[in-house]
């Protein structure tokens, strides 16, 4: 089990212990201690909103477009277009499904488009969902501190397809990177 789960279980057990002690000995001191225990539980609660998932077919406010090279016909870049404010930049990871990408889509040039480049080191595959790739929003946000625009103005992310393929190949070769330990 993860350390957060152990901490959550330990604080809940502590809370129940002091409730039982306060009832059995009818002591207000134990009741006061039990009332503090929920505050100890808070750091161990799971953060449900730490990850975002792009679902382009449902909302229409986001599109994943595969940009193809005219010479080879292979896709060089994946562009994620979204409305400003769609991405919650204080979240941990932004996940998208590679199967949702569209081809042969015309992207209207926008002189006011604020674009961020996603590097290979910003990418991570999802542990349980196949073909889902995550982008570290914290790292992108740190890079925008040096730019003339803020993350709230960003409406496009550009990712090299070779970086995505390399991340997928790395995870296929190293199954121990999924939280399992390999011993000799």
Say whether the condition of being at pLDDT 75 or above, touching a helix residue (DSSP H, G or I) at 6+ places or on another chain (Cβ under 6 Å) and not assigned by TED's automatic domain parsing to the domain that holds residue 132 is met by at least one residue in region 41-52. yes
Let me spell it out: the conditions are (1) in contact with a helix residue (DSSP H, G or I) (Cβ under 7 Å, 6 or more places away or on another chain); (2) modelled with pLDDT of 85 or more; (3) surrounded by fewer than 16 Cβ atoms within 10 Å (Cβ to Cβ), and residue 33 meets all of them except one. Which number is the exception? (3)
Can residue 105 be described as at pLDDT 80 or above, assigned by TED's automatic domain parsing to the domain that holds residue 56 and part of a loop (DSSP other than H, G, I, E, B)? no
Out of 143, 156, report the one residue that is assigned to a strand (DSSP E or B) and either modelled with pLDDT of 85 or more or in contact with a strand residue (DSSP E or B) (Cβ under 9 Å, 6 or more places away or on another chain) (or both). 156
What do you reckon, is residue 130 loosely packed, with under 13 Cβ neighbours inside 10 Å and within 17 Å of residue 168 (Cα to Cα)? yes
Enumeration of residues in region 1-30 that are outside any helix (DSSP H, G or I), at pLDDT 80 or above and on the phi < 0 side of the Ramachandran plot: 27
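The values are calculated or read from the model by the stated rules, or taken from the named source; none is laboratory data. Given the structure is predicted, the values throughout are model-derived calculations rather than measurements. As a convention, Cβ positions derive from the backbone with ideal geometry for all residues, glycine included, and neighbour counts pool all protein chains shown.
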